[in-house]
């Protein structure tokens, strides 16, 4: 880790720990090296730096972020130091997809939020099918990381309390087409199956579009024994 990355990462980690009471013990299950796709729910802007700084001892960690954020002065600077991959939302950004695949094949851990945009009520929204395309092309294993808490941080600060923030990981798996042609419908089915793996980890009130766990299937998922 370069001195600049170390200063920014652990400075951010210290600042976040003053505001949030972070329970990240489950992240010990995340391997030190990739390739690995970590997919998570998207509730706000704080989960990305919390997840990154908690994984920071690992040498190759990156994520996807909308390109507009790189135009915000300090935030853009931090994301460049952290080598975050910019993505153009609302279009098929082949350049971002290619960069993600190259990083994964080089042994990186990649964080991604399949919902694409933040949920206003904090509950899961329907995922975009693009994550299935990335997972299949990269052939990388996939691990769900669910998080909750921190939504009342401002009020907690007024009372000099740290806001609880919890991170939980699920079982690692890969996607398998079983020899079938990858259609748009199958990509969406794969993305939905992945999101149910997140929903299982979340409190019931945050499962949103994936609240009915009886509809969860694993047709396209291949679980890795011992991981």
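Readers should treat all values here as calculations from the given coordinates under stated rules, not as data from a laboratory. Every value quoted in this text rests on a predicted model; they were computed, and no experiment measured them. FYI the Cβ positions are ideal-geometry reconstructions off the backbone, even for glycines, and counts take in every protein chain you see.
Can you compute the helix-only [θ] at 222 nm over the chain? Use -39500 (n - 2.57) per DSSP H run of at least 4 residues, normalise by all residues, nearest 500 deg cm²/dmol. Rounded to the nearest 500, the figure is -11000 deg cm²/dmol. By DSSP, the beta bridges lying fully in the range 48-190 are antiparallel in about 50 percent of cases. Under the criterion of Cα pairs below 8 Å and six or more residues apart, the relative contact order for the chain equals 25 percent. Can you work out the FRET efficiency for the pair residue 151 and residue 91, with r the C-beta to C-beta distance and R0 = 25 Å, to the nearest 0.05? My answer for the efficiency is 0.25. Against the longest alpha carbon principal axis of the chain, how many degrees, from 0 to 90 and to the nearest 10, is the axis of helix 184-201 turned? Tilt of helix 184-201: around 50 degrees.
Taking the centroid of alpha carbons for each part, the range 20-99 and the range 107-180 are 10 Å apart. Stokes-Einstein diffusion coefficient for the range 1-45 at 25 °C in a medium of 0.890 mPa s, Rh from the Kirkwood formula over Cα pairs: what value in µm²/s? Approximately 188 µm²/s, per Stokes-Einstein.
Shown for 40, 217: other C-beta atoms within 10 Å of each C-beta, ranked fewest to most, produce the order 217, 40.
For the range 78-174, a/c is not less than 1.5, where a ≥ b ≥ c are the root eigenvalues of the C-alpha gyration tensor, and a/b tops b/c. That puts it in the prolate class. Working ranking of peptides 8-21, 65-78, 101-114 by packing, defined as the average number of other Cβ atoms within 10 Å per residue, highest first, is 101-114, 8-21, 65-78.
Multiplying the sequence separation of residue 219 and residue 204 by 0.36 nm and subtracting their Cα-Cα distance, what value in nm do you get?
Stretched out fully, the residue 219 to residue 204 stretch lengthens by 3.1 nm.
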